[in-house]
Amino acid sequence: MTLYDQLNKKELKELLVKCWMTHDGMWFLNAFLTFGIKAANKLNKNAIRSLAQIESVRIRKALGRNNEKVDSFDKLKSFMNDGFSILKGDFMNFDYTFPEENLEENIMHWEMHKCWAYEGMKKLGVADQYECGVIYRVKCWLDSLKVEYTMKPRFKGCLMASEGKCTGDIKFNF
């Protein structure tokens, strides 16, 4: 019996997400060591944007909704929940909610409890120069779905580094 046969779905997902995030981290580390933080940030964001466009198509296809436009808050919530159910590992330690008191306003709230990317950037000594790829990936999903939104707070770098916390809201315009 192989390891694949021994793991349940959750264990398999966690292993694959951890390996994928390790690859992502090692990719960033090598880009940083070779080209510096400014180029690593730029390359990272370019890669994330390309990835998010492919991911959003693959998620919709896996759901049997490849031609369905995300044109309502309910469809967006469904997409986000389905996407994160596959792509978010337990170690990622963040929450996102659609607060009941804000449902009429179409708001998603996020809160990063302990960011694995920020922790890695602190070890490299560049947390104050890192441009967040985690929230950027979500923004790129939304852009690829052609969903209009506003985000608060607006930021360029890393909220953990600049504010000591990473929390905010995305308001969707449907």
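Would you confirm whether any residue within region 73-89 is of a type outside the set (A, V, I, L, M), without any contact (Cβ under 8 Å) to a residue 60 or more places away in the chain and over 22 Å from Met108 (Cβ atoms)? Break it down into steps so the answer makes sense when it comes.
From region 73-89, those of a type outside the set (A, V, I, L, M) are 73-75, 77-79, 81-85, 88-89; that's our starting set.
From what's left, without any contact (Cβ under 8 Å) to a residue 60 or more places away in the chain: 74-75, 77-78, 81-85.
From the residues that got through so far, the ones that are over 22 Å from Met108 (Cβ atoms) too are none.
No, region 73-89 contains no residue that is of a type outside the set (A, V, I, L, M), without any contact (Cβ under 8 Å) to a residue 60 or more places away in the chain and over 22 Å from Met108 (Cβ atoms).
Scanning region 32-70 for residues that are among the charged types (D, E, K, R), touching a Lys or Arg at 6+ places or on another chain (Cβ under 9 Å) and either more than 30 Å from Val126 (Cα to Cα) or surrounded by fewer than 15 Cβ atoms within 10 Å (Cβ to Cβ) (or both) gives Arg65, Glu68, Lys69.
Within region 110-129, restricting attention to residues that are without any contact (Cβ under 8 Å) to a residue 40 or more places away in the chain and over 18 Å from Val17 (Cα atoms), the residue that is farthest from the chain's Cα centre (by Cα) is Gly125.
Checking each residue in region 24-68 for being under 22 Å from Tyr130 (Cα atoms) and in a loop (DSSP other than H, G, I, E, B) picks out only Gly36. Looking only at residues of region 150-159 that are surrounded by 14 or more Cβ atoms within 10 Å (Cβ to Cβ) and under 20 Å from Lys42 (Cβ atoms), we find that the one that is modelled with the lowest pLDDT is Phe155.
When you go through (1) buried (at least 17 other Cβ atoms within 10 Å of the Cβ); (2) under 14 Å from the mean Cα position of the chain (by Cα); (3) under 28 Å from Ala39 (Cβ atoms) one by one for Asp143, which number turns out not to apply? Condition not satisfied by Asp143: (1). Among the residues in region 3-14, are any surrounded by 15 or more Cβ atoms within 10 Å (Cβ to Cβ) and either among the β-branched types (Val, Ile, Thr) or under 14 Å from the mean Cα position of the chain (by Cα) (or both)? Taking every residue of region 3-14 in turn, none turns out to be surrounded by 15 or more Cβ atoms within 10 Å (Cβ to Cβ) and either among the β-branched types (Val, Ile, Thr) or under 14 Å from the mean Cα position of the chain (by Cα) (or both).
The values are calculated or read from the model by the stated rules, or taken from the named source; none is laboratory data. Because the structure is predicted, anything quoted here is derived from the model rather than measured. Virtual Cβ from ideal backbone geometry, glycine too; neighbours counted across all protein chains shown.
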